[in-house]
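Q: Sharing a structure, written as structure tokens. Questions coming.
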Amino acid sequence: MADTAQLWRLDSQQTSLIVSVDTSGSPYLLWFGDRLAEGFAGDQLLAVTEPATAKAGLDRSMPLSLFPQASSGSTAAPALSGHRNSANFAAQLKVENHTITGNTLSILMRDQVSKLAVTLTFTLDDETSVLAVTTELHNEGAAFQLDWLASATLQMPDKLDEILSLSGRWGREYQIERQRLGFNRLQIENTTGRTSHEHFPGIVLGCEKFSEQQGQLLGMHLGWSGNHRIIAERLSSGSAYVQAGIALLPGELCLAENQSWKTPAAYFCCANGLNQMSQRFHQFARKAILPQWTRSPRPIHANSWEALYFEHDENTLFGLIDAAANIGAERFVLDDGWFKGRRDDTTALGDWTVDEDVYVNGLTPIVNKVREKGMQFGLWFEPEMVSPNSDLYRRHPEWSLHVAGLDTPLARHQLVLNLALIEVQDYLFECIHRLVDEHDIDYIKWDMNRNLVLPGDGTKACAAQQPDACYALMDRLIKHRPSLEIESCSSGGARADFGVLQRTGRVWVSDNIDPIDRLRIHKGFSYFFPPEIMGSHVGHDTAHLTGRKTNLHTRALVALQGQYGFELDARALSINDQAVLREYTDLYKSNRGWLADATHWRIPTRNRALFASGIVSADQSRAQWTIIAEQSLDETCPERLVLQGLSAERLYHVRVHQPGLQALQQFGARLPAWVFEDVTLPGEILMKIGLSLPVIPAQAGLLIECVA
Ligand code: GLA
């Protein structure tokens with residue numbers, strides 16, 4: 001019998017994706033997982049994977065669709081929802097044709113009755129196995145009111161029933177939550193209008209007790225910087241799926257006849273263990289998402305915010321610039337407080353001209369000073385915002401997002417501009433590029449400090465336009481000045497995703513610089529994003545957000561986990577602390593050359609207060625690990641540190657490279673010998689037997705280097 005099975009297949013180096021079509025014309029995922037050999041009969045595969053049919057259900061059960069529709073009898077969340085004046089509330093889109101071009105599969109579905117068509121596109125990255133999925137809706141009839149269009153719906157492998165998600169708040173981003181997937185639908189809904197502190201647009205679905213090192217899992221991340229919805233559900237049939245897309249507000253999106261709308265991509269990665277998933281997402285981001293400049297060694301920032309807040313004046317800044325250069329800063333960032341009338345956070349957003357009362361000679365003397373010190377110059381903007389107390393608002397109150405007759409609650413005393421208005425785009429482009437050109441600005445810290453509330457254009461909701469309009473403004477600036485580096489900041493880490501990261505290559509992951517709180521923040525961030533884009537600063541000894549006092553070594557060790565920098569009043573550092581920081585600065589400089597394509601590892605520890613992670617160079621010749629105790633450990637002698645990702649056969653020279661090592665000595669009677677005398681051992685021993693750790697007191701740690 002001829003093999004007539006309709007199987008569409010994509011392969012990457014490690015995975016295969018197989019899609020088929022059921023008898024009702026609905027496409028479904030037959031396999032997304034480890035790469036399969038060729039040479040099996042498709043019809044035999046279909047025979048062994050056909051779902052059973054239960055009594056008291058549909059007469060013929062169908063596999064879970066890649067585009068679930070209620071019209072098929074499926075109870076899965078529909079991938080599409082909308083109507084035309086209440087008509088066409090349901091559609092029956094069926095596969096019409098498909099194409100495979102390179103590693104991209106496109107499936108066209110159409111329904112003549114509802115006059116709707118959809119294109120599902122799957123692109124499997126050959127090297128990293130990350131799958132990008134988008135959905136495009138084509139309206140072939142009269143105006144269609146769209147309420148929901150999922151970027152993707154993917155059936156999960158049978159064994160997966162545990163969920164990891166990331167939640168948080170301002171100052172405490174990327175906190176890990178784990179739960180079991182039962183039969184009740186889990187829905188994560190972000191309504192803040194930005195990527196959000198609260199609900200990261202990503203999820204990991206894994207088998208029971210999946211861990212850093214083990215367990216089949218599927219990771220999903222939506223590349224979008226606005227409202228989103230993620231659904232995970234196990235149906236009564238037993239199959240489970242994950243779905244994600246932009247969460248639209250009522251009436252927000254109406255497609256005119258012949259108009260199409262394409263979703264942002266949802267990115268999927270299947271892996272064995274969380275480390276493997278992260279490594280694949282990191283590599284993918286590096287080759288397919290992040291701006292090219294992130295591939296070069298990242299400079300050391302010194303940021304003025306926590307050093308000065310709004311206390312700007314020329315002499316103070318000169319002093320800070322000198323002090324920052326002295327501890328090794330390579331880029332000085334003038335944060336909030338430089339523009340007209342901005343003496344605190346209640347005014348002036350939108351008035352993007354230099355405050356001549358404070359900067360009597362403009363920014364030129366500051367910029368010159370920064371350059372004299374051999375540093376680059378960066379400037380803070382919050383382009384999407386306007387203060388009611390600003391010239392801009394007085395001129396154009398109608399430019400802010402609002403609903404006529406309703407009061408928009410202020411947040412940080414500010415309102416949000418309707419970025420989709422072309423006149424707003426032009427105004428902001430003019431303001432920013434004028435300054436960028438005048439001062440040859442190397443870098444912008446692009447902030448976004450409030451949620452969208454009542455995001456209307458006066459009448460209609462328009463939140464879904466904001467992220468695209470923001471991307472467009474960034475793209476325009478980058479096109480104008482290709483060397484411009486932009487950082488994504490949003491009250492700390494409320495805007496990090498594969499959408500904004502296509503034009504920004506650094507993230508200020510939290511306003512919280514307390515190194516102990518940062519351990520969890522960095523860990524959560526690392527699930528989806530690589531370390532070289534994580535802005536990570538040494539702060540003051542007493543952290544401004546938490547009041548916790550920590551020692552300089554711990555602060556520096558944690559800062560070294562990402563793009564190292566400073567956010568402190570360097571003028572007030574003692575001679576000794578300056579010297580200590582210079583040593584860490586040198587350490588960062590000597591390793592950053594390989595950070596941009598290093599493999600990141602989170603090392604699982606039995607004691608949950610111990611945070612161990614590190615990076616191994618792509619050629620496995622170097623590695624750097626930090627181990628830090630979040631609080632006092634239950635045991636006197638912590639467990640051995642078992643390293644990861646080294647080459648088993650190669651010999652590694654292992655040493656504790658850390659200016660602060662002496663500080664550890666007083667907490668134990670004796671430190672293990674290797675801590676003082678470098679050892680040389682094969683990778684296999686380090687990855688199987690491991691290294692005895694010294695007694696580590698609360699909030700201290702150590703840094704270990706391996707060189708092949
Ligand atoms: C936000 C940012 C901070 C700082 C301030 C300035 O809170 O996250 O880093 O730039 O704004 O107002």
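The values are calculated or read from the model by the stated rules, or taken from the named source; none is laboratory data. Every value quoted in this text rests on a predicted model; they were computed, and no experiment measured them. Note that each Cβ is placed from the backbone with ideal geometry, even for glycine, and that neighbours are counted across all protein chains shown.
Q: For segment 592-632, which strands (runs of 3 or more DSSP E) that fit wholly inside it have 1 or more residues that are at pLDDT 95 or above, farther than 23 Å from Phe284 by Cβ and of a type in the set (Ser, Thr, Tyr)?
A: 622-629
Q: To continue, here is another question. If we only count helices (runs of 4 or more DSSP H) wholly inside segment 270-340, which ones have 1 or more residues that are within 16 Å of the ligand (Cβ to nearest atom)?
A: Here the list reads 305-308, 314-326.
Q: When you go through Asn315, Asn272, Asn326, Asn361 one by one, which is the residue that is out of contact with any helix residue (DSSP H, G or I) (no Cβ under 7 Å at 6 or more places or on another chain), closer than 20 Å to Asp569 by Cα and not hydrophobic (A, V, I, L, M, F, W, C)?
A: Answer to the check: Asn315.
Q: With the structure loaded, tell me whether Ile478 is of a type in the set (Val, Ile, Thr), at negative phi and not in a helix (DSSP H, G or I) or whether it fails that test.
A: No: the conditions fail for Ile478.
Q: While we're here: So which residues in segment 381-408 are surrounded by 21 or more Cβ atoms within 10 Å (Cβ to Cβ) and within 16 Å of the ligand (Cβ to nearest atom)?
A: Within segment 381-408, Phe381, Glu382, Pro383, Glu384, Met385, Val386, Ser387, Ser390 meet the criteria.
Q: Is it true that Thr195 is under 16 Å from the mean Cα position of the chain (by Cα) and buried (at least 19 other Cβ atoms within 10 Å of the Cβ)?
A: yes
Q: Right, another one. Residue check, Asp357 against (1) surrounded by 15 or more Cβ atoms within 10 Å (Cβ to Cβ); (2) away from the ligand (no atom under 16 Å from the Cβ); (3) farther than 18 Å from Thr585 by Cα, all met but one. Which one?
A: (1)
Q: Here's a follow-up. Check off (1) free of Cβ contacts under 8 Å to residues at least 60 places away in the same chain; (2) within 16 Å of the ligand (Cβ to nearest atom); (3) not β-branched (Val, Ile, Thr) for Arg450 and give me the number that stays unchecked.
A: (1)
Q: Taking only segment 204-217 into account, find how many residues are assigned to a strand (DSSP E or B) and buried (at least 22 other Cβ atoms within 10 Å of the Cβ).
A: Of the residues in segment 204-217, 4 are assigned to a strand (DSSP E or B) and buried (at least 22 other Cβ atoms within 10 Å of the Cβ).
Q: Something else about it: Taking interchain pairs and intrachain pairs at least six residues apart, which have beta carbon atoms under 7 angstrom, with the first residue in segment 488-515 and more than 18 Å from Thr191 (Cα to Cα) and polar (S, T, N, Q) and the second within 12 Å of the ligand (Cβ to nearest atom) and not in a loop (DSSP other than H, G, I, E, B)?
A: Close Cβ pairs satisfying both conditions: Ser488/Trp446; Ser488/Val507; Thr504/Trp446; Thr504/Glu487; Thr504/Ser488; Ser510/Glu173; Ser510/Gly493.
Q: Could I ask something else about it? Scan segment 569-581 and give yes if some residue there is touching a helix residue (DSSP H, G or I) at 6+ places or on another chain (Cβ under 6 Å) and within 16 Å of the ligand (Cβ to nearest atom), otherwise no.
A: The answer is yes, given that some residue of segment 569-581 is touching a helix residue (DSSP H, G or I) at 6+ places or on another chain (Cβ under 6 Å) and within 16 Å of the ligand (Cβ to nearest atom).
Q: Taking Ala570 as the residue in question, decide whether it is modelled with pLDDT of 95 or more, surrounded by 22 or more Cβ atoms within 10 Å (Cβ to Cβ) and under 23 Å from the mean Cα position of the chain (by Cα).
A: no
Q: Further, regarding this structure: Any chance you could count how many residues in segment 218-240 are outside any strand (DSSP E or B) and touching a Ser or Thr at 6+ places or on another chain (Cβ under 7 Å)?
A: 4
Q: Looking at segment 656-691, which of its residues are modelled with pLDDT of 95 or more, at negative phi and either of a type outside the set (A, V, I, L, M, F, W, C) or crowded, with 20+ Cβ neighbours inside 10 Å (or both)?
A: Selection gives Thr680, Pro682, Gly683, Glu684, Leu686, Lys688, Leu691.
Q: I'd like the full set of residues that are of a type in the set (Lys, Arg) and part of a helix (DSSP H, G or I), limited to segment 668-701.
A: Matches in segment 668-701: Lys688 only.
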